[in-house]
Amino acid sequence: MNKVITDGVLFMPPKFAAGLDIWSSQDGTPGSDTYDNNPNAVFVPADPDFGGCVELVKSDAVQKLRSMGETPILPGCYLQVRARVKAVSGPLPSIRIAAWAGGAGGAHVNGVVEQGPMVSLTSYGEVVEVSAIIGTGNRSGVDMVWGKEALYAHVGLDMAGTTGGVIRVDDIIVEDITSAFLRDMLASVDVRDFGAVGDGVTDDLAAFEAADAAADGRTVLVSKGTFFLGDDMTFESRVRFEGSITMADEHVFALTKNYNLPAYIDAFGDEELAFKKAVQALFDSSDHESLDMCGRRISITAPIDIRAVIGRDRYATRRHIHSGQFDVKAGDAWDTETFTGQGTYSYTNSFKLTGVTNIASIPVGSLVEGNGVGREVYVRAKNIAAQEITLSKRLYDAVGTQNFTFRRFKYVLDFTGLEDFDRFSIKDVEFRLQGEASGIILAPTGLIFSVENCFFTGPKDRGITSPGEGCQGLHVDRCQFLSNENPVPSQDRTTIALNTNGNDIKLRNNRVVKFRHFAVIGGSGSIITGNHFFQGDGESNGLRLAGIVLTGSNCRATIDGNYIDNCFIEWTNEHDDEPDFSAEYSFSQLNLSNNIFLASQVAPWFSYVVVKPHGSGHFINGLNVQGNFFRIIGGTIQRVERIDTSFSDFNYSRMKNITWRDNMYAAVDVPTVNPLVHTHSQQTESNRWVISGAPKLPFGGWVRKVESVVAEGAIRNAANIKRFDMPYVEVSKGSNNDEVYVNWDQPVRGEVVVTMRMDTPI
């Protein structure tokens, strides 16, 4: 770059032949004394070395020569001032280039260097060149660094030494040598050219802003050094980093033209800090809706508190992070914190623990453990002054006062500090958790959090945790959850891939390997489809645990098209604070369809569908099990469904609206079906035929309804006479209520097909 060439800027001062009235013996400012008619200066028109030059007699301790003209000082320009001089007679002086720095309104710019290096003359008649470089930027080789306040210069030179010496000075030359500094970076502007210091202490914000404003389509270069910025900085230009940035955590550094994680890593050096600053800018700016990690793998040494990073309590505008990898590094920061505290639980305040001791120490997001506490109950909020903890779910049998344990797992991305968080998605990111950390913990309240095409590799405790209803509308699609407990027997595993409390979640096309549970689902309206989750081990007659746990009786869920491998579906009401049946829907609205159920080397009492009521009086009021494949390898099981009566059994007299049909069974002793179509052959005459629905009716249910009785062939009496009487039936007979009586008006024999149900259809 050369402003003389590109923009026609005039830097050269006038020649001495134009008159000494425009050359000052002081600073060169308007009104200062000139050399016109000064006895110590004369113009020499024909010097053999110089041609036209000025001859000066040194009369002051420092004899000044300054142009009265104003040489422009432009940001990004570097000017070399040169003068050829020779001693004529008298004491030999020292010579240096000098200039006066002028700012806005003609004011002097104080505090800047206004002299170049001193050169001593050692002989008479020897031509010596002195030079110095003036520029706004603090670059190597710049003698006079003037910053962005300087607008012009009165250039010239100084003579120092004993008075009486005589020298001659050739015309002073000012050249634009910016290209010597910019080299091949003509399309860039350097922040140092606008006064940035880069010492890590001086606030370079103004210089950064000036460079950005002057870029005009060019790239801003942050050259080598450490640049401290004392406030927010938003670049409207592209930026390239050779140096690094340091700033307070609360200040935002926004790149609008090259907003991506690698640029922030270049800017801040530290990968972890760079990610935080990039996320901070993402949530502060309206210019970008997504942060591209550009495939970068970044090392994480401690949980990332998103609330602390973005400085907000709530956020509801869509934001997205994608395409990268978090690599967790071992350290104390990932250690689970465990606290204990006494608290009181009551039905009348069923989402609260009151009178909690040690409450100040218990973090939001802690897992709550104690007598009568169901799975995946978390601290959603706390009120220290009131000694009150808000729970994510109700407790099924914890009324009264007891000691609770609170375990706070550590997550790579921690959103718990946010009161409400909506419309966030993360895609194509791997969480390499290394058995050291958990993945993501959501905000206590929120809507539409989406996780797509992500890997959660080796979580220490959890993949994704919801400590409240920040999972409302959660989408988890095409993700891989790879356990850290592969060699551990199924029943001894502790890790859980994810849990939810809110409604309307979608778990689709995920692959989940050897966790204690794939998902503990506490809300309703869930769609779980296309997933493959397997939890087997190498144990003979191995125990198996639930892959999916539904903790609400009225779950309104569909589980369709999944590969359910060495685990089962468990349906409970363990998050019901009054688990005995009252005026409610009871266990209802669950659809299990078109799934592949497979297990190997399991105990004979293993079942694929387990219902576990935590209180008395419950029944099923809506269940569809249809089109599934049930298969056992390496043994057999008794049946695919059962009721876990650890707490209570069902009220079989109220079963309603259950469809269990069109399923396929392999190595299952009792294939279950409802309605059950049963063929009964009566060999001896009787007026009461006893027909059993056991053991094929689901859950060992009662016979509660007969849909049809159809004779196959003639019904005959003892005289072998055909009878055309219409029988009537009695249901729920026998000691187990699983028999139906078909009653005739006289003893008969024959064969009938009876369609019976263990429920009453709607």
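The values are calculated or read from the model by the stated rules, or taken from the named source; none is laboratory data. Source: prediction; values computed, not measured. Cβ placement follows ideal geometry from the backbone for every residue including glycine, while neighbour counts extend to all protein chains displayed.
Okay, residues lined up against (1) outside the structural domain of residue 81 (by TED's automatic domain parsing); (2) buried (at least 22 other Cβ atoms within 10 Å of the Cβ); (3) of a type in the set (A, V, I, L, M, F, W, C); (4) at pLDDT below 95:
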{"site": "141", "(1), (2), (3), (4)": "no, no, no, yes"}
{"site": "148", "(1), (2), (3), (4)": "no, no, no, yes"}
{"site": "152", "(1), (2), (3), (4)": "no, no, no, no"}
{"site": "156", "(1), (2), (3), (4)": "no, yes, no, no"}
{"site": "167", "(1), (2), (3), (4)": "no, yes, yes, no"}
{"site": "189", "(1), (2), (3), (4)": "yes, yes, yes, yes"}
{"site": "192", "(1), (2), (3), (4)": "yes, yes, no, yes"}
{"site": "195", "(1), (2), (3), (4)": "yes, yes, no, yes"}
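Taking residue 444 as meeting all but one of (1) surrounded by fewer than 20 Cβ atoms within 10 Å (Cβ to Cβ); (2) closer than 19 Å to residue 376 by Cα, write down the number of the exception.
Result: residue 444 passes all but (1).
Taking the condition assigned to a loop (DSSP other than H, G, I, E, B) and not polar (S, T, N, Q), does residue 470 pass?
no
So, residue 458, is that one at positive phi and assigned by TED's automatic domain parsing to the domain that holds residue 365 or not?
no
Could you please find all residues in the range 480-493 being out of contact with any Asp or Glu (no Cβ under 7 Å at 6 or more places or on another chain) and not acidic (Asp, Glu)?
480, 481, 482, 483, 484, 486, 487, 488, 491
Taking the stated definitions as given, is residue 119 surrounded by fewer than 22 Cβ atoms within 10 Å (Cβ to Cβ) and closer than 22 Å to residue 223 by Cβ?
No, not satisfied.
Which members of the range 395-436 meet the condition of being of a type in the set (Lys, Arg) and either crowded, with 23+ Cβ neighbours inside 10 Å or within 16 Å of residue 304 (Cα to Cα) (or both)?
Result: 408, 410, 432.
Which residue out of 539, 584, 570 is acidic (Asp, Glu) and touching a Leu at 6+ places or on another chain (Cβ under 9 Å)?
Only one candidate passes the filter, namely 570.
Quick one: which of 130, 119, 85, 54 is at pLDDT 95 or above, in contact with a Ser or Thr (Cβ under 8 Å, 6 or more places away or on another chain) and not hydroxyl-bearing (Ser, Thr, Tyr)?
119
Give the number of residues within the range 253-267 that are surrounded by 18 or more Cβ atoms within 10 Å (Cβ to Cβ) and among the β-branched types (Val, Ile, Thr).
1
Among the strands (runs of 3 or more DSSP E) contained in the range 375-435, which hold 3 or more residues that are at pLDDT 95 or above and of a type in the set (A, V, I, L, M, F, W, C)?
Hits in the range 375-435: 420-432.
Just to be sure I understand the filter: pairs with C-beta atoms under 6 Å, separated by 6 or more residues or on different chains, first member in the range 709-735 and at pLDDT 95 or above, second member among the acidic types (Asp, Glu). Which pairs pass?
Sorted first by the residue in the range 709-735, then by its partner, the pairs are 712/751; 713/751; 718/685; 733/739.
Restrict the check to the range 260-277 and report whether at least one residue is in contact with a Gly (Cβ under 6 Å, 6 or more places away or on another chain), free of Cβ contacts under 8 Å to residues at least 40 places away in the same chain and in a loop (DSSP other than H, G, I, E, B).
No, because not a single residue in the range 260-277 is in contact with a Gly (Cβ under 6 Å, 6 or more places away or on another chain), free of Cβ contacts under 8 Å to residues at least 40 places away in the same chain and in a loop (DSSP other than H, G, I, E, B).
Hey, which of the strands (runs of 3 or more DSSP E) in the range 485-601, taking only ones fully inside, have at least 1 residues that are under 27 Å from the mean Cα position of the chain (by Cα) and among the β-branched types (Val, Ile, Thr)?
Because the criterion is at least 1 residues that are under 27 Å from the mean Cα position of the chain (by Cα) and among the β-branched types (Val, Ile, Thr), the strands (runs of 3 or more DSSP E) in the range 485-601 that meet it are 496-500, 511-513, 517-521, 527-529, 546-550.
For the range 629-699, give me every one of the strands (runs of 3 or more DSSP E) that falls completely inside it and has 3 or more residues that are within 47 Å of the chain's Cα centre (by Cα).
In the range 629-699, the matching strands (runs of 3 or more DSSP E) lie at 629-633, 637-639, 641-643, 656-661, 664-666.
Considering only the range 18-77, state which residues are outside any loop (DSSP other than H, G, I, E, B), out of contact with any Asp or Glu (no Cβ under 9 Å at 6 or more places or on another chain), touching a residue at least 40 places away in the same chain (Cβ under 8 Å) and surrounded by fewer than 20 Cβ atoms within 10 Å (Cβ to Cβ).
Hits for the range 18-77 are 57, 72.
Between residues in the range 224-243 that are assigned to a loop (DSSP other than H, G, I, E, B) and residues that are aromatic (Phe, Trp, Tyr), which pairs lie under 8 Å by C-beta distance while being six or more apart or on different chains?
Sorted first by the residue in the range 224-243, then by its partner, the pairs are 232/253; 243/227.
Restricting to the range 100-141, name every residue that is assigned to a strand (DSSP E or B), of a type outside the set (S, T, N, Q), within 30 Å of residue 226 (Cβ to Cβ) and over 49 Å from the mean Cα position of the chain (by Cα).
101, 132, 133
Collect the residues in the range 216-234 that are farther than 21 Å from residue 265 by Cα and buried (at least 21 other Cβ atoms within 10 Å of the Cβ), keeping them in residue-number order.
Of everything in the range 216-234, nothing turns out to be farther than 21 Å from residue 265 by Cα and buried (at least 21 other Cβ atoms within 10 Å of the Cβ).
Take residue 180 and decide whether it is modelled with pLDDT under 95, part of a helix (DSSP H, G or I) and more than 22 Å from residue 267 (Cα to Cα).
Answer is yes for this residue.
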